[in-house]
Amino acid sequence: MVGSAKVAPDTQVPEAPASNGVSKSTGVTSKVNPAPADVAIVEFAAVEYLAFEIEPEIAVTIARRGPTIARIELDWTKSDVNFGKYYVPESGHATLLPGEKSVTIKIKVQNNDDYNVESLADVELKFSDPMEKKALLGDLIRTRVVVLNEDTFPSNVTSKAILPVVKGFMLHNYKLFTDKTHWGLFYRLFPALNFLASQFIMQHMILNITNANAAHSKLEEGDEIPAEYDSMTFMLAALFLVNFLIGYKADVEFSKLKLGGLATKALRCAVMDTVTQLTPEGEDAFDVGRVMKIADVQVDLAIATVWMACFSMFANICKLGVIFAFIIFTAQDQARLNGSPVMNYMALIPFLMLGSNLMLFEKTVAKASSLNTDAMEADDAWSSFMVQASYMRQVITTFRKGFIVTEKFDNIHKACNAQNFKANTYAMQSRWVANLIPTAFGSVVMALAGYGVSRGMMTVGGFVVFVGAVNSFGPTTSAIFMDAFNMSKGYAGIVKLANLLNSETRRKQLHRGAARRKRKMAAYTKTLNDAANFDPEAPKLIVNDLTYIFKGQQNSTLAEPMNFEIRGGNLVMIKGGASIGKKNVLRLLARHFIPTTGFVHYPSRWRMRYMDATILFFGGDMNKLTNARFVGGEDGFLKSKAESMGTLEYNLKFGAQFKHPDHDQWDREIFDLCVLLGVSKELIGKDYNEFAVGPNAKKLTLIGLHGERLSLSDRALCTIARALLSSVDLLLMSNVFDVMGPTLAMHVLSILKTYARERAMRCLKTESDSTPQHLRKQKVIIFSTRLSELGPEADRIIHLGGDDDDVHDAKGADDDLSIASFSTRSNRTGSNRTVLPPVTKKDQMFM
């Protein structure tokens, strides 16, 4: 049936048999650790809670499943993850009275004007007193509270003009490192003070030498110059050296503040936080090459030419003020001594020099910013192309097309070079003019001052000091200009960085859609016959009027609304022809995509995991592990100067939720799980000792980027093991079985089918025994595959589009769901593949 949804009654999942045995084929418990009927499970009602920072508080629900007879006293504590200076410790007490199924606690939200991607805190739950088998804590004894940022980077600046953007960027860093910034500005005062001290030392040195010469001319033959003149000379020389050492010490202390490194790390962490949460639209706008350029080159430019340059400018501005004051003082002193007002007029020349540089900056900065922005865009192009080519290197090598790809890269880089040449040439010309201005004015001052000496309007000593001060004023003015001019490069980097950091994240999208989803759920509930007894936290997946249009590169389209429900305990197969969109339906269910209309709902306490044929693992660098050694402990990971992220153990345990009390026992259970799934002995070893014991343990094997050192089937099996170790409740699998082969796929599917029904893996004994079987969360597993042999194993089948040539199913039509088509190609035609008109912003609905 095509173009509409036919919903069959859910397959009823039978209760577990009364035996306490273990299935030999699956290793899954048939009944685990029977508990008295009056035992309840107490845990948080959701995996995480989201709120925008303008919301005053977050309502966190503690839920009880099972009997509600007992009174339960609970304590909760909030712990900081990355709130930093805005973190406020909180803890409290909650009571579940007899008859109550839930209680709500309030977590305060701290609003601030500082940018950050999101602020995280964990809330942990424990009993105030032992419950003596009246209640047990569930696996959600810790939940995450996420405060979503609504401030834009940098510092809520909306203008694209260079001065507001630069000011906002400096303010952003100042708020992060307030105390260090104050100390940095203090140390940057020393160059001005050093200059002032050196000028006074030099002036007194000249005066001392002049007096000594005068005294010498008055001495009779055989008399000696008074010793105080020599003492003064050596003392002034020593003070000159001490002055230099003080300035050097100030520079050393400034460098110890590490203001540049700290700001760089903070920005790159913000980039990392954002990139890991980009929406599909954001992923299209910021590919890997572009992101790496932003995180590397453009962050460095922003820090070096804006943030650190502001300290350099501050030092030069202070020095400029001192020089200017010294010039005026010298001019007035010479005018007083020689009775000529000409020197007062010469003191105005620095004003002209400074004004000329300001006019030059105003005339050049806009064009420089535009040229630098174009150069960065061209720079991104070759970076993106290189990353894309690196992904395709095996194909390029196989088809011997390396020269063609390199030639295309050469053309892209030529365009980049041309843009960089324009920007650098303009910067060089501006720099030349900026240096010409003080040189020209310095020449004029030298000529006028020399004329004044020859006419008796200035002493020789005054000439040396005055001309030296003016010549110091010119380069200092030029240095300020160049710091300000180079900010055009930093400005371009800040703009590109802001475009990335202000991108929409998945958490923000989902939270904004929560109210709409709630309204849709309310409308959906009214259509039910038994609306009064509807429980939104019931263990089932609800899909209602789901449609989707994606306007990015994938151009995917869900043609007609999807409607179905799947109860917990079911193994469901998605069936459809090639390119009909099975993967994208799974991504919609996983909330990777935001639907155009309708909603997807499942209990907030469910943990969802999505995996597809593009199996991902963390890699490792063998060269970095030369001096590695194995150390036991709480985590038991490889300890070395390098991270152990590339090991098999790290990849298996990544995302694990259950806090195992015994590390060795946990390793044994992981080994048993891998054996049960059918992971090759070459990877995990013949026994537990070979897997987990010693520095050469198999679990410490470096598996390579994306597991490239593993076989395809082992990659898939390890990915499934990782999902099971994360206590998954809703498991979505796109074509994962296709890399295994029919026999192994049937074996794994039988394990997952029993896992869905029995709610636990027997080989993960410690975790499965921690909760009575009848109170464990029910599971749903949905998969798509091209292996026709797997069809009969599914409890339910979702048909996409009506093509029956993809999977041959042995079940009757009454047990199937026939769903409207989903196409990844918008130009497909046919009565069963219609394309919706473009969605308007008003009609946009969120999950």
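The values are calculated or read from the model by the stated rules, or taken from the named source; none is laboratory data. Being a predicted model, the structure only gives us computed values, none of them experimental. We place every Cβ from the backbone using ideal geometry, glycine too, and count neighbours over all the protein chains shown. All accessible areas refer to the heavy atoms of the entire protein, side chains included, with ligands and DNA or RNA removed. Shrake-Rupley method; radii C 1.70, N 1.55, O 1.52, S 1.80 Å.
Hey, any idea what the orientation-averaged projected area of the convex hull of region 684-769's Cα atoms comes to, in nm²?
Working: hull surface 26.9 nm².
Directional mean of the projected Cα hull area for region 684-769 stands at 6.7 nm².
If one puts a single equal scatterer on every Cα of region 227-315 and applies the Debye formula without solvent, what log₁₀ I(q)/I(0) results at q = 0.19 Å⁻¹? Each listed q corresponds, in turn, to -0.92.
Order the following by accessible area, largest value first: Ser384, Ser79. Probe radius 1.4 Å; ligands, DNA and RNA are ignored.
Values: Ser384 25, Ser79 50 Å².
So, going from the largest accessible area down, we get Ser79, Ser384.
Per residue and in Å³, how big is the convex hull formed by the alpha-carbon atoms of region 747-800? It would help to have the intermediate numbers written out before the result.
Details: hull volume 4.7 nm³, N = 54.
So the per-residue hull volume is 88 Å³.
At q = 0.10, 0.12, 0.15 Å⁻¹ the log10 of I(q)/I(0) for region 240-391 amounts to -0.64, -0.80, -1.01, computed by Debye summation with a single uniform scatterer per C-alpha, solvent ignored. Surface composition of region 691-734: carbon plus sulfur atoms contribute 55% of the solvent-accessible area (1.4 Å probe, protein chains only, all chains present). From the C-alpha coordinates alone, can you work out the Kirkwood hydrodynamic radius of region 78-127, in Å? Value: 13.1 Å, from the Cα pair sum.
Using a probe of 1.4 Å, the accessible surface attributed to Thr754 totals some 40 Å² when neighbouring protein chains are kept in position. Remark: accessible surface ordering of His182, His660, His413 (largest first) is His182, His413, His660, probe radius 1.4 Å.
Consider all pairwise Cα distances in region 393-461 and report the whole-number % of them above 14 Å.
Roughly 77 percent, once rounded to a whole number.
Under 17 Å from a point 7 Å along the Cα-to-Cβ line of Met386: which residues of region 412-444 have their amide N that close? Answer for this model: 412-421. For Lys583, the accessible surface of its heavy atoms amounts to roughly 80 Å² (probe 1.4 Å, protein chains only, rounded to the nearest 10). Could you sort out which of Lys175/Lys508; Lys78/Lys777; Lys293/Lys489; Lys180/Lys489 sit more than 21 Å apart by Cα distance in this structure? Going by Cα-Cα distance, Lys175/Lys508; Lys78/Lys777; Lys180/Lys489 fall outside the 21 Å limit. Largest first, the extents of the alpha carbon coordinates of region 471-611 on the three principal axes equal 90, 40, 25 Å. The share of accessible area on region 134-204 that comes from carbon and sulfur is 68 percent, using a 1.4 angstrom probe. Taking the convex hull of the alpha carbon positions in region 669-733 and averaging its projected area over all directions gives 4.7 nm². Using only side-chain charges placed at the Cβ, +1 for Lys and Arg and -1 for Asp and Glu, the dipole size of region 643-730 relative to its Cα centre rounds to 160 debye. Residues Met487, Met386 ordered from highest to lowest accessible area at a 1.4 Å probe: Met386, Met487. Rolling a 1.4 Å probe over the protein chains gives Phe473 an accessible area of about 10 Å². Convex hull over the Cα atoms of region 101-147, averaged projected area in nm²? One quarter of the hull surface, i.e. the mean projection, equals 4.6 nm². Normalised by 2.2 N^0.38 Å, where N counts its residues, the alpha-carbon radius of gyration of region 48-149 equals 1.18.
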